[in-house]
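The values are calculated or read from the model by the stated rules, or taken from the named source; none is laboratory data. For clarity, every value in this text was computed on a predicted model and none was experimentally measured. Cβ: placed from backbone, ideal geometry, glycine included. Neighbour counts: every protein chain shown.
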Amino acid sequence: MSNQTASSTANQHPVVSVLGAGVMGQGIAQLSAQSGWRTLLYDLSFEACDKAFHNIEKALQKRVDRGRLTAAEATNTMRRLEIVNDVEELAESDLVIEAVVEDLGVKHRLIRTLEKHCRKDTLLCTNTSSLSVADIASVAHHPERIAGLHFFNPAPVMKLVEVIQAPCTSDEVVNRLCVLAREMGKIPVIAQDSPAFIVNRCARPFYSEPLTMLTEGLADIPTLDQAIQDNAGTPLGPFELMDLVGLDVNLKATTTVWCAFDNHPRFAPSSAVHGRVAKGQLGRKSGQGFYDYTGARDARQTQDEPPEAAHSRILADKLADTLPFQVAVSDGRLAQEAAGGAPLLWLDQNLVSWQRHPVILACTGSGLSGAQFDEARHAAAALGVTLKLIADRPGLVAQRLAIMLEREATRVVAEGVAQSQDIDTALRYGLNFRAGPFSLNADIDDACAERILTHLRADDDTGRYED
């Protein structure tokens, strides 16, 4: 992009064109128009454009009704949004964002058409989540101005934008896109062009490791969901989230990443998902997934203040002071190893601060009678913690999940795809995690992590824990 264009668009509102009037396209168009920019919306189907226009109008009205937007702001946003019927009308665009079907042939035809009608300094961006930006740009005469601009659904709400730099994309274009993303009120993170970019790759263990825990019989689904939510700081547990997004959608995303990484076992689709999809159990939209949605579900009752025992280590100390047996937080060993022949209650570790009570904390034990565990459970409940007894496996739930998240994130850094701080930012704002993988592991020492991995590798015959 020329210096003249860079400075001129920095000092005046850009003209933004959005191609594709589906859910993502209309969300990006709404965001652009709300940002004060003239926004052109194009789709091969005029009916799709018309539907998107009215959907945006309804979405803005909801924000007005909730007091998040004034009526004047909504009106002005709609005035900045224009439906165009021909690609030639995009000629004055400063930025084009395509959100059309994930088909490389379709995107190639689109790139050729855009280069024919747009200026040579127009930024051409793809919102792809599954295709290589380099492959999309391969037919371009000016590939240096092509990049990924990956928004998250719903685009007007989710704060994160991944700016994807292919080998052909110039640094100047990446920097300009970061500026534009911030002007939209977004938080940009830069990723090199690699399968699944940052969020969709680094989040795979969030699904795959709990699914492996389920297959092992470590714990039931509600226990895994609630233990992860409370101790790893996620807005939903992995099974709840898969049900919300759709098990078919999750299976497709997992399979795409698995194929992109030469079928490495750590990305392999789970039979627990595949089997449910085969039965039509797709989650909330079908009424059945990991949970049953055909009837009323009991909501979890909590109070919005921390428990009296504000950390698992504090809980362990308090319980050890009153109970006639050992209580400690996992250091990566099995409870049986750590017990030394004496009864032991072995607690999982909370990796984010507890903000409500009662919280769910996984635990296991060695040499404990049922009566002794009941005694511990009642004592913990009085301190605002609900203990859930699970199988004796390394890292229990939160520790094990956190280590798997960090391992994948570390690979992403080592491959030069993204920086560690951007990965933490991406998972915080792309998935609303309270902490990214590196921050989450700050209180897990290297020796603990190595013990957990050593045990998992010894018990596994699939290769999922190997590099």
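Mind listing just one residue for me: the one in the range 370-380 that is over 35 Å from the mean Cα position of the chain (by Cα) and without any contact (Cβ under 8 Å) to a residue 24 or more places away in the chain and, of those, farthest from G436 (Cα to Cα)? Full working, then the answer.
Start the filter on the range 370-380 by keeping residues that are over 35 Å from the mean Cα position of the chain (by Cα), which leaves 370-376, 378-379.
If we keep only those that are without any contact (Cβ under 8 Å) to a residue 24 or more places away in the chain as well, we get 370-371, 374, 378.
Working: G370: 37, A371: 39, D374: 35, H378: 33 Å.
Among those residues, the one meeting the criterion is A371.
Just to check your reading of the model, which residue among E57, E73, E88 is assigned to a helix (DSSP H, G or I) and either at pLDDT below 95 or among the polar types (S, T, N, Q) (or both)? Step through it out loud before you land on a result.
Details: E57 fails: either at pLDDT below 95 or among the polar types (S, T, N, Q) (or both); E73 fails: either at pLDDT below 95 or among the polar types (S, T, N, Q) (or both).
Of the residues listed, the single one that is assigned to a helix (DSSP H, G or I) and either at pLDDT below 95 or among the polar types (S, T, N, Q) (or both) is E88.
What residue, among those in the range 170-223 that are farther than 30 Å from A33 by Cβ and of a type in the set (S, T, Y), is surrounded by the most Cβ atoms within 10 Å (Cβ to Cβ)?
S208
Hey, can you tell me all the residues within the range 392-432 that are among the polar types (S, T, N, Q), assigned to a helix (DSSP H, G or I) and in contact (Cβ under 8 Å) with a residue 40 or more places away in the chain? Write out each step before concluding.
The initial filter retains those residues of the range 392-432 that are among the polar types (S, T, N, Q), namely 399, 410, 419-421, 425, 432.
With assigned to a helix (DSSP H, G or I) added as a condition, the list becomes 399, 410, 420-421, 425.
Q399, T425 - these are the residues of the range 392-432 that are among the polar types (S, T, N, Q), assigned to a helix (DSSP H, G or I) and in contact (Cβ under 8 Å) with a residue 40 or more places away in the chain.
Give Q301, Q349, Q336 a once-over and let me know the one that is outside any helix (DSSP H, G or I) and surrounded by 14 or more Cβ atoms within 10 Å (Cβ to Cβ).
On the way: Q301 fails: surrounded by 14 or more Cβ atoms within 10 Å (Cβ to Cβ); Q336 fails: outside any helix (DSSP H, G or I).
Of Q301, Q349, Q336, the one residue that is outside any helix (DSSP H, G or I) and surrounded by 14 or more Cβ atoms within 10 Å (Cβ to Cβ) is Q349.
Could you tell me whether any residue of the range 451-466 is closer than 30 Å to E308 by Cα and in contact (Cβ under 8 Å) with a residue 12 or more places away in the chain? I'd like the intermediate steps shown before the answer.
Of the residues in the range 451-466, the ones closer than 30 Å to E308 by Cα are 452.
The next check asks that each one be in contact (Cβ under 8 Å) with a residue 12 or more places away in the chain; those that pass are 452.
Within the range 451-466, one or more residues are closer than 30 Å to E308 by Cα and in contact (Cβ under 8 Å) with a residue 12 or more places away in the chain.
Listed residues K107, K120; which is more than 21 Å from I28 (Cα to Cα) and of a type outside the set (F, W, Y)?
Values: K107 fails: more than 21 Å from I28 (Cα to Cα).
Selected residue: K120, the only one of K107, K120 that is more than 21 Å from I28 (Cα to Cα) and of a type outside the set (F, W, Y).
Assess whether Q349 counts as being within 26 Å of the chain's Cα centre (by Cα) and either closer than 30 Å to V199 by Cα or of a type outside the set (D, E, K, R) (or both). Step through it out loud before you land on a result.
Values: within 26 Å of the chain's Cα centre (by Cα): yes; either closer than 30 Å to V199 by Cα or of a type outside the set (D, E, K, R) (or both): yes.
The answer is yes for Q349.
Looking at this structure, is L40 without any contact (Cβ under 8 Å) to a residue 60 or more places away in the chain, in a loop (DSSP other than H, G, I, E, B) and either surrounded by 19 or more Cβ atoms within 10 Å (Cβ to Cβ) or assigned by TED's automatic domain parsing to the domain that holds T77 (or both)?
Numbers: without any contact (Cβ under 8 Å) to a residue 60 or more places away in the chain: yes; in a loop (DSSP other than H, G, I, E, B): no; either surrounded by 19 or more Cβ atoms within 10 Å (Cβ to Cβ) or assigned by TED's automatic domain parsing to the domain that holds T77 (or both): yes.
Against the criterion (without any contact (Cβ under 8 Å) to a residue 60 or more places away in the chain, in a loop (DSSP other than H, G, I, E, B) and either surrounded by 19 or more Cβ atoms within 10 Å (Cβ to Cβ) or assigned by TED's automatic domain parsing to the domain that holds T77 (or both)), L40 does not qualify.
Can you tell me which residue is nearest to F290 (Cα to Cα) among those in the range 220-240 that are of a type in the set (A, V, I, L, M) and in contact (Cβ under 8 Å) with a residue 12 or more places away in the chain? Quick ask: steps written out before the conclusion?
Taking the range 220-240 first, the residues of a type in the set (A, V, I, L, M) are 221, 224, 227-228, 232, 236.
Next, only the ones that are in contact (Cβ under 8 Å) with a residue 12 or more places away in the chain stay: 221, 224, 227-228, 232.
On the way: I221: 8, L224: 12, A227: 16, I228: 16, A232: 20 Å.
In this case the residue turns out to be I221.
Within the range 419-428, can one find any residue that is crowded, with 23+ Cβ neighbours inside 10 Å, over 19 Å from S330 (Cα atoms) and among the β-branched types (V, I, T)? Walk me through how you get there before you give the answer.
Filtering the range 419-428 down to residues crowded, with 23+ Cβ neighbours inside 10 Å leaves 423, 426-427.
Going one step further and asking which of them are over 19 Å from S330 (Cα atoms), we end up with 423, 426-427.
So of that shortlist, the ones also among the β-branched types (V, I, T) come out as 423.
Yes, the range 419-428 contains a residue that is crowded, with 23+ Cβ neighbours inside 10 Å, over 19 Å from S330 (Cα atoms) and among the β-branched types (V, I, T).
Would you point out the residue of the range 74-108, among those that are of a type in the set (D, E) and over 23 Å from A181 (Cα atoms), that is surrounded by the most Cβ atoms within 10 Å (Cβ to Cβ)? Full working, then the answer.
As a first pass, look at the range 74-108 and keep what is of a type in the set (D, E): 82, 86, 88-89, 92, 94, 98, 102-103.
Checking the rest, the ones that are also over 23 Å from A181 (Cα atoms) come to 86, 88-89, 103.
Values: D86: 9, E88: 11, E89: 15, D103: 11.
Per the criteria, the residue is E89.
Among L236, L244, L251, which is surrounded by fewer than 21 Cβ atoms within 10 Å (Cβ to Cβ), hydrophobic (A, V, I, L, M, F, W, C) and not in a helix (DSSP H, G or I)? Outline the logic, then answer.
On the way: L244 fails: not in a helix (DSSP H, G or I); L251 fails: not in a helix (DSSP H, G or I).
Going through L236, L244, L251 in turn, the sole match is L236.
Find the residue count for the range 43-55, including only residues that are among the charged types (D, E, K, R) and loosely packed, with under 15 Cβ neighbours inside 10 Å.
First pass over the range 43-55, keeping only residues among the charged types (D, E, K, R): 43, 47, 50-51.
Narrowing further to those that are loosely packed, with under 15 Cβ neighbours inside 10 Å: 47, 50.
Total satisfying the criteria: 2.
Taking the conditions exactly as written (more than 15 Å from A362 (Cα to Cα) and either in a helix (DSSP H, G or I) or within 15 Å of the chain's Cα centre (by Cα) (or both)), does A227 satisfy them or not? Write out each step before concluding.
On the way: more than 15 Å from A362 (Cα to Cα): no; either in a helix (DSSP H, G or I) or within 15 Å of the chain's Cα centre (by Cα) (or both): yes.
Considered against the rule, which asks whether it is more than 15 Å from A362 (Cα to Cα) and either in a helix (DSSP H, G or I) or within 15 Å of the chain's Cα centre (by Cα) (or both), A227 comes out as no.
Specify the residue that is surrounded by the fewest Cβ atoms within 10 Å (Cβ to Cβ); the eligible residues are those in the range 352-374 that are in contact with a strand residue (DSSP E or B) (Cβ under 9 Å, 6 or more places away or on another chain) and among the hydroxyl-bearing types (S, T, Y). Quick ask: steps written out before the conclusion?
So in the range 352-374, the residues in contact with a strand residue (DSSP E or B) (Cβ under 9 Å, 6 or more places away or on another chain) come out as 354, 356-368, 372-373.
Then keep just the ones that are among the hydroxyl-bearing types (S, T, Y); that gives 364, 366.
Details: T364: 24, S366: 20.
Filtering first and then ranking leaves S366.
Mind telling me which of the residues L396, L389, L368, L427 ends up being at pLDDT 95 or above and under 30 Å from A191 (Cβ atoms)?
Numbers: L396 fails: under 30 Å from A191 (Cβ atoms); L389 fails: under 30 Å from A191 (Cβ atoms); L368 fails: under 30 Å from A191 (Cβ atoms).
From the options L396, L389, L368, L427, the qualifying one is L427.
Considering only the range 265-283, how many residues are closer than 16 Å to N200 by Cα and free of Cβ contacts under 8 Å to residues at least 60 places away in the same chain? I'd like the intermediate steps shown before the answer.
Here is the first cut: in the range 265-283, the residues closer than 16 Å to N200 by Cα are 266-269.
Within this subset, residues satisfying the condition of being free of Cβ contacts under 8 Å to residues at least 60 places away in the same chain are 269.
Final tally of qualifying residues: 1.
State whether one or more residues within the range 16-36 are in contact with a strand residue (DSSP E or B) (Cβ under 6 Å, 6 or more places away or on another chain), at pLDDT 95 or above and surrounded by fewer than 24 Cβ atoms within 10 Å (Cβ to Cβ).
Looking for residues that are in contact with a strand residue (DSSP E or B) (Cβ under 6 Å, 6 or more places away or on another chain), at pLDDT 95 or above and surrounded by fewer than 24 Cβ atoms within 10 Å (Cβ to Cβ), one finds none in the range 16-36, hence no.
Got a sec? Which of P358, P307, P343 is touching a residue at least 12 places away in the same chain (Cβ under 8 Å) and over 25 Å from G233 (Cα atoms)?
P343
Looking only at the range 15-40, how many residues end up being under 18 Å from T75 (Cα atoms) and either more than 25 Å from the chain's Cα centre (by Cα) or not aliphatic (A, V, I, L, M) (or both)?
Filtering the range 15-40 for residues under 18 Å from T75 (Cα atoms) gives 26-40.
Those still in the list that are either more than 25 Å from the chain's Cα centre (by Cα) or not aliphatic (A, V, I, L, M) (or both) too: 26-27, 30, 32-40.
Residues in the range 15-40 being under 18 Å from T75 (Cα atoms) and either more than 25 Å from the chain's Cα centre (by Cα) or not aliphatic (A, V, I, L, M) (or both): 12 in total.
Answer yes or no: is there a residue in the range 60-77 that is touching a strand residue (DSSP E or B) at 6+ places or on another chain (Cβ under 8 Å) and either in contact (Cβ under 8 Å) with a residue 40 or more places away in the chain or at positive phi (or both). Before the answer, list the steps.
Within the range 60-77, the first condition is being touching a strand residue (DSSP E or B) at 6+ places or on another chain (Cβ under 8 Å), and the residues that meet it are none.
Checking the range 60-77: not a single residue is touching a strand residue (DSSP E or B) at 6+ places or on another chain (Cβ under 8 Å) and either in contact (Cβ under 8 Å) with a residue 40 or more places away in the chain or at positive phi (or both).
Scan K58, K62, K120 and give me the residue that is within 24 Å of A181 (Cβ to Cβ), exposed (fewer than 15 other Cβ atoms within 10 Å of the Cβ) and assigned by TED's automatic domain parsing to the domain that holds E172.
On the way: K58 fails: within 24 Å of A181 (Cβ to Cβ); K62 fails: within 24 Å of A181 (Cβ to Cβ).
Just one listed residue meets the conditions, K120.
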